[in-house]
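For reference, the structure discussed in these notes is given below.
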Amino acid sequence: MKKLVVTIILLTGINLASMAQIGANQINIGFDAGGVLNEYYQSQFPAGFGPSVKGLLGMSMNAQFSVSGHYLYFPLNSNNILPKGESISLHQIPVFIGYRVYRESFFFEPQIGAALLINSSKNQLGKTSSKDLEFAFSAEIGYVFNQLELSLRYQQSGGSPFQLAFLGARVAYVLGGIN
């Protein structure tokens, strides 16, 4: 059994290394901004924004394997007034793996991963936070123009009715080869 596992890992590594030389390897550094879609979070945290980084490994001329990480900050809705010195915020750190497929300069990229959801609050008694790690998925469509990437992404994490559904736009700068 051990020989079979070692053989599979070795063959997968050789295969990925040979495929990586066909397409372009890239790193994208970007900024995400968007709105929350479900009612549970929408009343308190209607929008979020933050930086992102994505690594793309060339599989073929029309596809890439992706690994991405984002940090999204959701400030409290300005309609919710808190006593002086108190604050509430929501942070999300999703990490995804995906498979990007190109059609000329357009792309579609389904992704799957996990998201760390952090609720932070500060009041007279001190600062508290709760952390939950949840299953997450997303689908991204976009367009690449020279070193600039523009995309829309639907992302969801957690279970119903407390899931965090997010529709965001992403602007990224592409480092590395151009597809």
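The values are calculated or read from the model by the stated rules, or taken from the named source; none is laboratory data. All values reported here derive from a predicted model rather than from experimental measurement. Note: ideal-geometry Cβ built from the backbone for every residue, glycine included; neighbour counts use all protein chains shown.
Brief remarks follow.
For (1) surrounded by fewer than 19 Cβ atoms within 10 Å (Cβ to Cβ); (2) over 30 Å from residue 125 (Cβ atoms); (3) not hydrophobic (A, V, I, L, M, F, W, C), each residue gets a yes or a no:
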{"residue": "38", "(1), (2), (3)": "yes, no, yes"}
{"residue": "62", "(1), (2), (3)": "yes, yes, yes"}
{"residue": "69", "(1), (2), (3)": "yes, yes, yes"}
{"residue": "73", "(1), (2), (3)": "yes, no, yes"}
{"residue": "96", "(1), (2), (3)": "no, yes, no"}
{"residue": "100", "(1), (2), (3)": "no, yes, yes"}
{"residue": "105", "(1), (2), (3)": "yes, yes, yes"}
{"residue": "109", "(1), (2), (3)": "no, yes, yes"}
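- Filter result for residue 122 (loosely packed, with under 12 Cβ neighbours inside 10 Å and in a strand (DSSP E or B)): no
- Yes/no for residue 161 being in contact with a Phe, Trp or Tyr (Cβ under 8 Å, 6 or more places away or on another chain), not basic (Lys, Arg) and not in a strand (DSSP E or B): yes
- For region 139-146, the criterion of a residue being at pLDDT 85 or above, acidic (Asp, Glu) and surrounded by 14 or more Cβ atoms within 10 Å (Cβ to Cβ) is satisfied by at least one position.
- Across region 35-56, the number of residues qualifying as at pLDDT below 85 and either hydroxyl-bearing (Ser, Thr, Tyr) or in a helix (DSSP H, G or I) (or both) comes to 5.
- Within region 57-116, the residues that satisfy the criterion of being small (Gly, Ala, Ser) and assigned to a strand (DSSP E or B) are 58, 60, 63, 66, 68, 69, 87, 89, 98, 113, 114, 115.
- Going through (1) assigned to a strand (DSSP E or B); (2) modelled with pLDDT under 80 one by one, residue 132 falls short only on (2).
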